[in-house]
Each structure stands twice: as structure tokens, then as C-alpha cells.
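Notes follow once the structure below has been shown.
The values are calculated or read from the model by the stated rules, or taken from the named source; none is laboratory data. Predicted model only: the values in this text are computed from it and were never measured. Note that each Cβ is placed from the backbone with ideal geometry, even for glycine, and that neighbours are counted across all protein chains shown. Heads up: the accessible areas ignore ligands, DNA and RNA and are worked out on the full protein's heavy atoms, side chains in. Shrake-Rupley method; radii C 1.70, N 1.55, O 1.52, S 1.80 Å.
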Amino acid sequence: MIAAAGVLVVSGVLLDYPEMIVLGLGAAVVVAVAAGWMLARPDVTIEREIRPDRVAEGDPALAVLVVTNTARRRSPPIVAGESVGGRHVGIALASLPPGGSQEARYELPTTRRGVFEVGPLTVGHADPLRLMHVRRGFPSRSVLRVHPRLLPVAPLPTGGSPDVDGPTSASAAPGGVAFHGLREYVRGDDLRLVHWRSTARTGTLMVRHNVVPREPRMLVMLDTSADPYQADQFEDAVRIAASLAAAAVTHGFGVEVRTTGGRHAVAERGAAPSTALLDLLADVGAGPDDPGLGALATLVPREGGVALGVVTGQAPAAGTATVSKVRARFAMVSVIQVGARPGQPGPVVRGALVLNVRDSDDFVTAWNTRVVR
């Protein structure tokens, strides 16, 4: 428009054409008005809230913007732009009176697992003819965590226990109902726990040492190396790992989730479904430098009675051989492989439950059929 004004005025003067001069001056006036319009920049504050900030794949999530006009004059119409996981979202906001506020909402993408940054926000306004546009940035950022979709599956099999009341140890908390052994009487012991036959045989007052039985714990190991997976198979593996961990918590077991890349999160027995576990699995990715199932060689459980569940893709034979080597360290081992081809048998892991499935949906039927608790 500025170039057109200059050409029209110069041409009108050179050609002695007053009408062209008038058109050129009109164009110049339009540009001047647009520049004056830009002086009325909106003076606003913006607050952003993610509702909710943690969702499962496919569940709805909204970003809510509350815009307040802090100026003494009416704000011009505003065009806001938001960056959501690398994608630009435009939001139109109406003119606001002094002190007025407006709430704007827009949907956030939740079709894929991940941790998505929302922001920064840019606010701008333009003149009515769209000749000029001014933008102002708001550096605040929010985070949306999209957790993997949970599948309706049974928890890992624990292999059972030879103890009727559950496994016990000398270091377990005293005062439970599980009998661990006999010991000498200590002042203050309940006389109802005296074992009279042993007392008569040894000549020393002996009492029953009852403890709180140690409940089985579960460990879910997710292979985060890139080689065993193709296409979206890693996403299936993450869903399976998350579902096994959530099933353990739901059934009252303590559970730990680990990745072969060294990340881990824990949910203790009796806790609510752990946000830490799902946050971890929302953020994991498969990498070429990950050691894969070879990381199991150095994995030693801190206590006995741990049930191990390994979730991987079509891992190489060396990886599954590592699972066989560490089998004796755990009460029970289960291996789930995704990406199976029709007619392709699963690996042989001594003493372990092995399931070779196509994807996470195939896993639900196969797992719930095979696992009998």
C-alpha cells in the first residue's frame, strides 16, 4: 500500500493527472490510519490452565485461557496464537471493556502418548484492513501429559508361595499373624504366645515369633532399545507395561517400573494408582544407544519373592538369553513380546511364561487366557 501510494502520487504529478494524486494520497491516509490503530495495543493479562493436565490416550483435554483487559480503554479485538506440541493453534478473542475478562477454550491433541508443552502464547491485533499486525509474546508454558491407554488385564503371576500365610523373614515387622519361628522369651512378650512344648523340651521359655507376612512385589521391565521394534510396536509395548503396573496396584501389590535405559518409578502396596508410574511411561522413548535386555544382567532384586515382567519387541536371541540367566533371582518371570508374525514361535526362556503377540489388543485376550491366578 505504501508503494502504491508513492507510485500513484509520482505518476499523477508527472502526468498532470489529479485523480491519480488523490488515489495516492488516499492510500497514504489508509496507511497512516493503520499505523495509528497499532498504537492502541491491547494491555491484557492472560492465565492458562490445562484441564486436566494428565489424561489417557484419546481422553479429552482442554486449554482454558482467561484474558483480562487491564487498560482504562476498551481493548481492540485480539488474535491469540498458541503452540501445542509444535502445532500452532489460533484463538480469536472479542474486544473487552476496561476491566473485562473473557474465557476461551480449545481442545488439546491427546491421540498419542507423550509429554506436550503448551505455549508460549502470542497475542496480537491488526487494523480493520489487515495492513499491519502487532504481536506480543507471553513466555509462560504449561505441560500436558498423555498417559498410555490402560488395558483390562490381570497382574503378573507371582508363582505362588509355599507359606500359607505368605513369605516371611526375620527382618519383617513383628506383631503379624504369620508364624516365622521360635525364639526365647523377652520381657514384655505376650504370654499367650508361649510355646509350651518347646519350653518343656529346652528348659527355656520359648515364644512364637509372629511377623507381618511379606507380600509379593512386582517388577515391570520395559525394553527401551530401538532394535526390537518397528512402526508403532513400541507404543504397544508401553501400553502393556503400563497396564501390568496398573493391574498390580489395583490388586494391592507393590510394583516398580524400570526401563532398560535406567529410568524407574515405584508404587507401594496399598497406594492409589501411581501418577509417577504413568508419568514415567508417558515420557519414555526407544533409543539406539539403549542397552536393551542386556541391562537385566546387573538387575538384582532387593528382596525375595519378586515377580518380573519383561515387555519387549522381537528381541534378539542374546537378549532373551539374558532373561534365562537371571530367572533364578525372581519368584516368577513373564516375557511379553510384541510384533509377532503369524506362525512365528516365541523365544524359549527356561522357567518363564512367554507370550508372543501382534499388538496390545491381541495381548489382552492372550494374557487373560493364559494367566490363571
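In the chain, the alpha-carbon atoms span a convex hull of 223 Å³ per residue. Global size of region 253-308: 12.5, 37 Å for Rg and Dmax (C-alpha atoms, Rg to one decimal, Dmax whole). Here SER83 sits with roughly 40 square angstrom of accessible surface, probe radius 1.4 Å. Of all beta bridges that DSSP places with both ends in the chain, some 65 percent have antiparallel geometry. Each of ARG54 and ASP283 was given a label point 7 Å from its Cα along the Cα-to-Cβ line. The distance between the two points is 1.2 nm. Of the trypsin sites (Lys or Arg not before Pro) found in region 92-155, those in coil by DSSP whose Cβ has at most 16 other Cβ atoms within 10 Å are ARG112, ARG130, ARG141, ARG149. The residue list ASN356, LEU14, ASN69 was ranked by how far each Cα lies along the charge dipole of the chain toward its positive end, using unit charges on Cβ atoms, and ASN356 comes out on top.
Taking all protein chains into account, the per residue accessible area for the chain stands at 52 Å² (1.4 Å probe). For the set TRP367, TRP196, TRP37, the ranking by accessible area, highest first and with no ligand, DNA or RNA atoms included, is TRP196, TRP37, TRP367 under a 1.4 Å probe.
Summing charges over neighbours of ARG258, with a neighbour being any other residue whose Cβ is under 13 Å away from its Cβ, gives 0 when K and R count +1 and D and E count -1.
Is the shape of region 237-373 rounded, prolate or oblate, going by the alpha carbon gyration tensor and its root eigenvalues a ≥ b ≥ c, with a/c under 1.5 for rounded and a/b larger than b/c for prolate? Rounded is the answer for region 237-373, as its axis ratio a/c remains below 1.5.
Only Lys, Arg, Asp and Glu carry charge here, each on its Cβ (+1 for the first two, -1 for the last two); on that basis region 6-88 has a dipole of about 300 debye about its Cα centre. Rg/Rh for region 17-156 (Cα atoms only, Rh after Kirkwood) is 1.20.
Label 7 Å along Cα→Cβ of VAL79; region 94-138 residues with amide nitrogen under 18 Å? Residues passing the 18 Å test: 94-96, 121-138. Mean projected area of the Cα convex hull of region 321-369, taken over all directions, amounts to 3.7 nm². Among VAL79, VAL371, the order of accessible area from largest down is VAL79, VAL371, computed with a 1.4 Å probe on protein heavy atoms.
Rounded to the nearest 20, the Cβ-based charge dipole of the chain about its Cα centre (Lys and Arg +1, Asp and Glu -1) stands at 1160 debye.
Built from the Cα atoms of region 181-304, the convex hull projects on average onto 11.2 nm², one quarter of its surface area. Label-to-label distance for VAL115 and ARG329 is 2.7 nm, based on points extended 7 Å past Cα in the beta-carbon direction.
Among ARG370, ARG192, ARG48, the order of accessible area from largest down is ARG192, ARG370, ARG48, computed with a 1.4 Å probe on protein heavy atoms.
Distant-in-sequence amide contacts of LEU205, defined by a placed amide H-H separation under 5 Å and a gap of 5 or more residues or a different chain, comprise TYR185.
Rounded to the nearest 10 square angstrom, GLU117 shows an accessible area of 90 square angstrom against a 1.4 Å probe. Dividing the summed helix terms, -39500 (n - 2.57) for each DSSP H run of n ≥ 4, by the number of residues in the chain produces a 222 nm estimate of -7500 deg cm²/dmol to the nearest 500. Computed over neighbours whose Cβ is under 12 Å from that of VAL64, the net charge equals -3, Lys and Arg +1, Asp and Glu -1. Given region 1-89, report the % of alpha carbon pairs whose separation exceeds 15 Å. Here the tail beyond 15 Å accounts for 74 percent of pairs.
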